[in-house]
Amino acid sequence: MISSRKGVSTWLLVGSGLSLFLLYLLGVNGYWDTGGDSARYFILGEALAKGEGFRLINMPTAPIFVKLPPLFPLILAMGIQGLRQFGNLARMWPLLKTISLLSFWGAMVPLYVLARRYGGRERAVLAVVLTLTNPWVYRYATMLRPEGLYVLFTLSAILLVVRSEALEGRSARWALVFGVVSAALAWLTRTVGIVLLLALVVYFAMRRRWKRVLLTVALSGFVSMPWAFYLIRVRGERVPDNYLAELFGQGYQGARMLIARMGSYGTSWAGLLFYAPSRVLAMAGHRGWSALLLSGLGWLSLGVVGYFGWTVGRGGTRRLLALYLAGYVIVTLLWPWQGEKFLVPLLPVVMLFLVAFLPAPIGRGRRWLALLLALYVGANLVGVAVVCEQQVFERYPGPWQDYQAVAGWIEREIPAEAVVMARKPYLLYLWSAHRTVPYPSRWDDESLERYLQTSSADYLVVAEVRPADEMKMASFVRRHPALFEPVHLFSTATLYRVVKP
């Protein structure tokens, strides 16, 4: 017989879960993330749906964009094909966000099973709650991005490999096969997924399971073979070719650059894990000691998690998680850019370690720990509410509203065949229905003038959505007034016509 107290806690848990899910559903709206990556994924999906391949069809030359793995754009292409049957795609596209949302929520199933295996039902629920109430997880689950799909494949792969260790015979073999296939699919979703495949190889090699090593290499190669053949056979302009070229192209200079990246990485991770205090410091314009404190706190948390993952899980499958954690940190530390979008997929793994190593049992002489966790969840929920309000009610700050106004004016007033240069070309393409080209990569006058004349740009947008580059462009316009003719002026943006020689 189930006690009334247990019944109440079960209903409270179900009700809280449904409320949280409804809060996530509010993010299925017309808000476009201003980073531009979501728009680029949509453009690639649209190109595939039209049968044009992995091309940036927003640009006049429609270059091949092979830097991103293919799986998420392929799924978007299928969704776009299905939504077109119901009418105006522009009105229906927010439903594509449910792919990201359901992927994140689906990933909570393997997270729960893994956490329950290591710490019991209460800790498994805690791991799921700590993950889903994180504001950054909420943000990326309500954007058109592949992080949720990547987390789903990654955790499913780890769970299946863990299960294969406990099973025997045919069941063990099939669990391993599906686990490796899931890891390969994670790689085809995000490039950093190669870390999981390498972690599997190293883990099996440490245990002298050579057949499993060969199976992992062979299966992952087989699953990725179609993409490899496409990259070999496809011809045409490529933009850009790979991450390594970007990494060294931006001037990676050894120890000094590595130290700068470590500081940025630690601060970003601390902001992800300790959202509330980092946001308070950010709003106060934190500098100096506070930024150093945040970075140190971030690295300390990762170090503690990695240490316990390796030592406490000695000889067990937790070492696989520790290998994955270490490899992921190393790769993303050397990534061309730093930021939360590269760290969000790591959060569920860290939460898994966290609940596995918490003092037990919570609630029996550990009320201080329960209170601390409750405060942590409460602070995160405030952050979730803030992110939700920004996406549902506030939408965009002033400069971005002007950017949308420029796009609307271009759609109404500028000939359809005209090409527009902008700092955020993917979003401008979707909002204006005009082909676009990006700002140049080099800013000396000679290179910029040459790029301006060879890029097919008929119009130029100078706004304030990314001031670092747009201020450079505004300065160039002032120095070369004969090359530009003002067409329309907004409060924080100007549209120019490019004067051809």
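Report, by residue number, each residue of the range 130-156 that is farther than 14 Å from G193 by Cβ and not polar (S, T, N, Q). Listed by number, the residues that qualify are L130, L132, P135, W136, V137, Y138, R139, Y140, A141, M143, L144, R145.
Would you mind listing the helices (runs of 4 or more DSSP H) fully within the range 351-458 where at least 1 residues are open to solvent by less than 60 Å² (accessible area, probe 1.4 Å), under 24 Å from L483 (Cα atoms) and among the aliphatic types (A, V, I, L, M)? Walk me through how you get there before you give the answer.
On the way: elements: 367-389, 398-413, 425-432, 445-454.
So the answer is 398-413, 425-432, 445-454.
In summary, T189 fulfils each of the numbered conditions (1) in a helix (DSSP H, G or I); (2) under 23 Å from the mean Cα position of the chain (by Cα); (3) crowded, with 23+ Cβ neighbours inside 10 Å with the single exception of condition (1). Please determine whether any residue of the range 201-210 is farther than 13 Å from Y324 by Cβ, of a type in the set (K, R), in a helix (DSSP H, G or I) and open to solvent by 10 Å² or more (accessible area, probe 1.4 Å). No: zero hits. Looking across the range 214-234, the residues that are without any contact (Cβ under 8 Å) to a residue 60 or more places away in the chain and either surrounded by fewer than 12 Cβ atoms within 10 Å (Cβ to Cβ) or touching a Leu at 6+ places or on another chain (Cβ under 8 Å) (or both) come down to L215, T216, A218, S220, V223, S224, M225, P226, A228, F229, I232, R233.
Only one of these is touching a strand residue (DSSP E or B) at 6+ places or on another chain (Cβ under 8 Å), of a type outside the set (K, R) and over 26 Å from A62 (Cα atoms): P438, P467, P486. Name it.
Of the residues listed, the single one that is touching a strand residue (DSSP E or B) at 6+ places or on another chain (Cβ under 8 Å), of a type outside the set (K, R) and over 26 Å from A62 (Cα atoms) is P486.
Screening S290 on (1) open to solvent by less than 40 Å² (accessible area, probe 1.4 Å); (2) hydroxyl-bearing (S, T, Y); (3) modelled with pLDDT of 75 or more shows it passes everything except condition (3).
Does M59 meet the test of being farther than 30 Å from M421 by Cα, out of contact with any Phe, Trp or Tyr (no Cβ under 8 Å at 6 or more places or on another chain) and either at pLDDT 90 or above or open to solvent by 30 Å² or more (accessible area, probe 1.4 Å) (or both)? Taking the combined requirement at face value, the residue does not satisfy it. Among the residues of the range 310-322, some residue qualifies, meaning at least one is open to solvent by 70 Å² or more (accessible area, probe 1.4 Å), over 26 Å from E464 (Cα atoms) and either modelled with pLDDT of 75 or more or aromatic (F, W, Y) (or both). Residue count for the range 409-454, restricted to those that are within 27 Å of the chain's Cα centre (by Cα) and hydroxyl-bearing (S, T, Y): 6.
Listed conditions (1) at negative phi; (2) among the charged types (D, E, K, R); (3) in contact (Cβ under 8 Å) with a residue 12 or more places away in the chain are all met by R395, apart from (1).
Residues that are open to solvent by 20 Å² or more (accessible area, probe 1.4 Å) and in a helix (DSSP H, G or I) within the range 46-56 comprise E46, L48, listed in sequence order.
Based on what the data block shows, is V498 touching a strand residue (DSSP E or B) at 6+ places or on another chain (Cβ under 7 Å), modelled with pLDDT of 95 or more and either within 21 Å of M59 (Cα to Cα) or open to solvent by 70 Å² or more (accessible area, probe 1.4 Å) (or both)? Criteria not met by V498. Restricting attention to the range 24-45, does a residue exist that is surrounded by fewer than 18 Cβ atoms within 10 Å (Cβ to Cβ), closer than 22 Å to P440 by Cα, in contact (Cβ under 8 Å) with a residue 24 or more places away in the chain and over 19 Å from the mean Cα position of the chain (by Cα)? Checked against the condition, which is being surrounded by fewer than 18 Cβ atoms within 10 Å (Cβ to Cβ), closer than 22 Å to P440 by Cα, in contact (Cβ under 8 Å) with a residue 24 or more places away in the chain and over 19 Å from the mean Cα position of the chain (by Cα), the range 24-45 yields no hits at all. Only one entry in E470, E464 is under 30 Å from G45 (Cβ atoms), in contact with a Ser or Thr (Cβ under 6 Å, 6 or more places away or on another chain) and not in a strand (DSSP E or B), namely E464.
The values are calculated or read from the model by the stated rules, or taken from the named source; none is laboratory data. Quick caveat, the model's predicted, so the values are computed rather than measured. In this analysis, Cβ positions are derived from the backbone assuming ideal geometry, glycine residues included, and neighbour counts consider all displayed protein chains. Note: accessible area is taken over every heavy atom of the protein model, side chains too, but ligands, DNA and RNA are not part of it. Shrake-Rupley method; radii C 1.70, N 1.55, O 1.52, S 1.80 Å.
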